[in-house]
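S.K.: Mind having a look at this structure? Questions to follow.
Rule-based calculations on the coordinates, nothing more; no lab input. This is a predicted model, so every value here is computed, not measured. Cβ placement follows ideal geometry from the backbone for every residue including glycine, while neighbour counts extend to all protein chains displayed.
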Amino acid sequence: MSANLSAILYLVSGVLFILALRGLSSPETSRQGNLFGIIGMVIAVTVTFLSVGNFGAGFVYVLIFLAIGGSLGAFIAYRIPMTAMPELVAGFHSLVGLAAVFVAISAFINPSAFNLGTPGNIKLASLIEMAIGAAVGAITFSGSVIAFLKLQGIMSGAPITFKGQHLLNALLLILIVILTIYLCLTQSSNLFWILIAISFLIGFLIIIPIGGADMPVVISMLNSYSGWAAAGIGFTLENTALIITGALVGSSGAILSYIMCKGMNRSFFNVILGGFGATDQTSGSQNKEQRPVKSGNADDAAFLMKNASSVIIVPGYGMAVAQAQHALREMVDTLKKNDIKVSYAIHPVAGRMPGHMNVLLAEANVPYDEVFELEEINNDFANADVAFVIGANDVTNPVAKTDPQSPIYGMPVLDVEKCKSVLFVKRSLSPGYAGIDNDLFYKENTLMLFADAKKMTEDITKNL
Amino acid sequence: MEIDPFIFRLSIFILSIFVGYYVVWSVTPSLHTPLMSVTNAISSVIIVGAIIAALSGSDGVVFSSSSIYGFLAIILAAVNIFGGFLVTQRMLAMYKKKKKDK
């Protein structure tokens, strides 16, 4: 296949990828968008086979390896529970990162296959692109692995910090730049390996100080990195499809990180530098005063809701942990049968990744037009009778609006306290991730329901 | 004087960042999780590099030191492509509208 034709077809697949993202602007067009993405991928792979034009034994092996990876991926995609989506995405990011590293290594060892020169005499620009692709890929890989381990609970979600951490990271980053320069001067393969090793180390070091509830930012950030890694490799291979895709994914992840940071009213650097909540937790528990709390049972909650005319549900990460989304929808069905208006309010950072709650509710067959974002629904709390907070905490804390001393001051919160009554499903009075007490617990109109979210929801449904 | 092809690629890159910027802002927040899984799937187009690397072995030699990395990358990228698109499909199939006849 001529180089010009394949370049045009790569461009077509890049455009199809743009359309794939474009489709996600509404649920109706989203499935078509996904199809565009698949077509784009098929074109890119087919064109690659045709332009390499090697259909010997190697080609058979490529198909075999493709089939192995493909069936593994398909198996995971069908088996994964929706609650585990953050782990899955983190895991997938790590694979993109590692694949980028492998491609870069292969190009370094055998540059002539990629038209980049000969070993020890690689074109300067290609060498720089390769080094960037490999370094960003390695950072994506090890960072995603740590994110995966934290989300999976294999590693504690608590931030791990030590003295001189930021200084060490900064030094390592400078070292990477120096190594890249020396690599270009000497073309030494040892330097290339050291560069990759240090990049792995950086990925590891930048994610360990970030706590569990900051995961939405971390996942988005790693999403972005995987895009930049792909773009770096795209420049090396002079491949338009990869360059376009890398840029798309890179900016997509960056926007998501920005949205998540705004949802917490924190700067990107504040999140990345990490350690949030670690210091507040200790101070918070020391001066905790005993304040009276009203607690109730499923029967009280059912009574309140039965007499309401509108109910707003505020789900959070706790709902995902308790797998309560199906039980919740059953409760809502019963409420709707009693002519009670029900809507869902989703905070931007609810859950462990962007849009996490929406997917869980969609899984439980909640129609998406009953689910609202913070800005859309926040004014409705004042007119609602009951707010049902299930598994959310910090995102409802009115302290964010009233107390400038509070670590979450300025964070946009759901105005849950404006409801006539608030039902708060929670296992105990322990503070949320930010390590601060929630004023909402002690309000006159709040009824605490101390139980597992799923069990409590089921009990309420029985009592309705 | 001729323009270096690198400049063309850089132009594509920069313009794509802007396209990505505007397209992603128009994505509805409720679909942010599928957005992440589909971006994951499409960034695995890195498989084109993996395929070139895997087929780089000289005549008769399928597994050379450089092609092995290609084969490994093919497995990783394939997991991502199939896993990413399928899980996105699975998620998107769940987003349904309220039935009108209630």
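S.K.: Is the shape of chain B best called rounded, prolate or oblate, per the rule: a/c under 1.5 gives rounded, else a/b larger than b/c gives prolate, else oblate, with a ≥ b ≥ c the square roots of the Cα gyration tensor eigenvalues?
M.R.: Working: a/c = 4.68, a/b = 1.49, b/c = 3.14.
In terms of gyration-tensor shape, oblate.
S.K.: Count, for each residue of A:51-63, the Cβ atoms from other chains sitting within 10 Å of its Cβ, then give me the mean as a whole number.
M.R.: Numbers: counts 3, 6, 1, 7, 1, 5, 5, 13, 4, 1, 9, 11, 1.
Per-residue shielding by partner chains comes out at 5.
S.K.: While we're here: Tell me the angle of helix A:215-237 to the major Cα principal axis of chain A, expressed in degrees between 0 and 90 and rounded to the nearest ten.
M.R.: Around 20 degrees separate the two axes.
S.K.: Then there's this: Long-range amide H contacts for A:V342: which residues qualify at under 5 Å (H placed 1.01 Å from N, peptide plane, sequence gap of 5 or more or a different chain)?
M.R.: A:V311
S.K.: Same structure again: Which of the lysines could be linked to B:K96 by a straight reach, that is with a Cα gap under 18 Å, when you skip same-chain ones fewer than 8 residues away?
M.R.: Cα-Cα hits under 18 Å: A:K336.
S.K.: Within 10 Å of each Cβ of A:82-94, how many other protein chain Cβ atoms are there on average? Don't jump to the answer; show the numbers that get you there.
M.R.: Working: counts 5, 0, 0, 6, 2, 0, 7, 7, 2, 4, 14, 5, 2.
For peptide A:82-94, the averaged partner shielding equals 4.
S.K.: Next up: Report the calculated FRET efficiency for A:T29 and A:K336 (r = Cβ-Cβ distance, R0 = 25 Å), to the nearest 0.05.
M.R.: Using R0 = 25 Å, I get an efficiency of 0.35.
S.K.: How crowded by other chains is A:13-26, given as the mean number of beta carbons from other chains within 10 Å of each beta carbon? Show your work: numbers first, answer last.
M.R.: Working: counts 3, 5, 1, 1, 8, 5, 1, 8, 10, 6, 6, 14, 7, 6.
Counting other chains' Cβ atoms within 10 Å and averaging over A:13-26 gives 6.
S.K.: Let me ask you something else. For helix A:165-186, report the angle its Cα long axis makes with the longest principal axis of the Cα atoms of chain A; keep it between 0 and 90° and round to the nearest 10°.
M.R.: 20 degrees
S.K.: Compare the peptides A:295-303, A:95-103, A:6-14 by average per-residue count of other Cβ atoms within 10 angstrom and give them in order, highest first. Could the numbers behind the result be given before it?
M.R.: On the way: A:295-303: 17.2, A:95-103: 31.6, A:6-14: 20.0.
Sorting A:295-303, A:95-103, A:6-14 by mean packing, highest first, produces A:95-103, A:6-14, A:295-303.
S.K.: Order of A:E87, A:E28 from fewest to most other C-beta atoms within 10 Å? List each step's numbers first, then the result.
M.R.: Values: A:E87 23, A:E28 10.
In increasing order of surrounding Cβ atoms, one gets A:E28, A:E87.
S.K.: Sticking with this one: Report, in debye and to the nearest 20, how large the dipole of region A:352-433 comes out about its Cα centre when Lys and Arg carry +1 and Asp and Glu carry -1 on their Cβ. All intermediate terms of the calculation are to be shown ahead of the outcome.
M.R.: Working: 6 positive and 12 negative charges, 93 e Å.
In total the dipole reaches around 440 debye.
S.K.: Let me ask you something else. Restricting the calculation to Cα positions, tell me the Rg (one decimal) and the Dmax (whole number) of the protein assembly as shown in Å.
M.R.: 25.2, 82
S.K.: Report, to the nearest 10°, how far helix A:27-52 tilts away from the longest principal axis of the Cα atoms in chain A, using its own Cα long axis and a range of 0 to 90°.
M.R.: 20 degrees
S.K.: Beyond a 31 Å Cα-Cα separation, which of these cross-linked pairs lie in this structure: A:K337/A:K401; A:K150/A:K454; A:K337/A:K454; A:K163/A:K454? Before the final figure, lay out the partial values.
M.R.: Working: A:K337/A:K401 36 Å; A:K150/A:K454 24 Å; A:K337/A:K454 21 Å; A:K163/A:K454 41 Å.
Exceeds cut-off: A:K337/A:K401; A:K163/A:K454.
S.K.: Connecting C-alpha atoms closer than 10 Å in a GNM of chain B, tell me which of B:S26, B:S43, B:S64 has the biggest fluctuation.
M.R.: B:S26
S.K.: Okay, next question. Counting other beta carbons within 10 Å of each residue's own, what order do A:T457, A:T396, A:T180 fall into, fewest first? Don't skip to the end; give the middle numbers.
M.R.: Details: A:T457 28, A:T396 25, A:T180 20.
Neighbour counts put them in this order, fewest first: A:T180, A:T396, A:T457.
S.K.: Mind telling me which of B:S30, B:S16, B:S67 comes out most flexible in a GNM of chain B, alpha-carbon contacts under 10 Å?
M.R.: B:S16
S.K.: List the DSSP H helices in chain B whose Cα atoms stretch 18 Å or more along the helix axis and whose mean Kyte-Doolittle hydropathy is at least 0.0. Before the final figure, lay out the partial values.
M.R.: Details: long enough: B:5-25 (30 Å, 1.80); B:65-92 (41 Å, 1.44).
Going by DSSP H runs, the hits are B:5-25, B:65-92.
S.K.: List B:H32, A:H356 from most exposed to least, where exposure is judged by having the fewest other Cβ atoms within 10 Å. Intermediate values should be presented prior to the final figure.
M.R.: Working: B:H32 25, A:H356 29.
Ascending number of Cβ neighbours within 10 Å: B:H32, A:H356.
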